[in-house]
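Enquirer: Structure incoming, see below.
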Amino acid sequence: MYKRQNQVLDENHLERLAERCPNLVGFKDGVGDLELMTRIYSRLGERFTYIGGLPTAETFAMPYLTMGVTTYSSAIFNFVPKFALDFYAAVRAANHAKAYAMLNDFVLPYIALRNRKRGYAVSIVKAGMKVIGRSAGPVRAPLTDLTEAELAELSALVARIADVQKLAA
């Protein structure tokens with residue numbers, strides 16, 4: 001079950017679904033309501049695998065892990081997979097210093113670029129694919145692609161973490 005903004009789904013609804021659908025095994029949160037997630041996990045515990053599904057889920061990875069959300073869908077994994085895996089490893093190891101450094105080095109500047117325009121959550125991932133030479137094509141209307149200047153910013157950001165990863169290797 002993927003919880004999005006346009007759904008009304010709380011711990012009571014999810015519990016009834018779990019009773020009626022024994023093959024329902026996971027709950028993916030795309031909303032970010034920590035109180036609701038706490039109520040759901042408190043009520044249903046290990047009944048589900050919990051997945052973080054928020055845009056740029058890395059920003060929520062540490063607090064969500066303490067709530068029982070052990071994994072998340074990472075958009076940046078599409079174009080910087082080593083960084084995404086290293087970040088996940090830091091979170092799982094409770095290496096907060098490394099995780100926060102990685103947030104500051106890449107994730108937060110990436111989010112600042114993504115937040116410049118509504119709809120850029122998709123556009124920036126496609127731009128990231130273009131930056132690494134694996135174009136996924138343009139976004140569909142009504143979304144718009146990043147500007148050339150924004151694409152250059154993203155390219156520099158990706159290059160910077162690639163250089164950092166080479167130094168650390």
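Enquirer: Which members of segment 18-43 meet the condition of being of a type in the set (A, V, I, L, M, F, W, C), surrounded by 14 or more Cβ atoms within 10 Å (Cβ to Cβ) and farther than 22 Å from residue 57 by Cα?
Expert: 18, 24
Enquirer: In segment 135-149, which residues are acidic (Asp, Glu) and in contact with a helix residue (DSSP H, G or I) (Cβ under 6 Å, 6 or more places away or on another chain)?
Expert: 145 - this is the single residue of segment 135-149 that is acidic (Asp, Glu) and in contact with a helix residue (DSSP H, G or I) (Cβ under 6 Å, 6 or more places away or on another chain).
Enquirer: Would you check which residues across segment 28-55 are of a type outside the set (Asp, Glu) and touching a Lys or Arg at 6+ places or on another chain (Cβ under 7 Å) and list them?
Expert: 28, 30, 31, 51, 53
Enquirer: Do you know which residues across segment 43-59 are assigned to a loop (DSSP other than H, G, I, E, B) and either closer than 30 Å to residue 104 by Cβ or charged (D, E, K, R) (or both)?
Expert: 53, 54, 55, 56
Enquirer: Mind checking which helices (runs of 4 or more DSSP H) fall wholly inside segment 60-169 and carry at least 3 residues that are surrounded by 13 or more Cβ atoms within 10 Å (Cβ to Cβ) and in the same structural domain as residue 39 (by TED's automatic domain parsing)?
Expert: Fully inside segment 60-169 and qualifying: 61-66.
Enquirer: Exactly one of (1) more than 30 Å from residue 158 (Cβ to Cβ); (2) under 13 Å from the mean Cα position of the chain (by Cα) is unmet by residue 61. Its number?
Expert: Single failed check for residue 61: (1).
Enquirer: Any chance segment 4-18 includes a residue that's without any contact (Cβ under 8 Å) to a residue 12 or more places away in the chain, acidic (Asp, Glu), outside the structural domain of residue 113 (by TED's automatic domain parsing) and more than 24 Å from residue 104 (Cβ to Cβ)?
Expert: Taking every residue of segment 4-18 in turn, none turns out to be without any contact (Cβ under 8 Å) to a residue 12 or more places away in the chain, acidic (Asp, Glu), outside the structural domain of residue 113 (by TED's automatic domain parsing) and more than 24 Å from residue 104 (Cβ to Cβ).
Enquirer: Let me ask another. Quick one: residue 152 ticks every box in (1) of a type in the set (Gly, Ala, Ser); (2) within 30 Å of residue 14 (Cα to Cα); (3) at pLDDT 95 or above except a single one, so which number is it?
Expert: Every listed condition holds for residue 152 apart from (2).
The values are calculated or read from the model by the stated rules, or taken from the named source; none is laboratory data. What you see is a predicted model; the values in this text were computed from it and never measured. Positions of Cβ are generated from backbone atoms using ideal geometry, with glycine treated the same way; all protein chains shown enter the neighbour counts.
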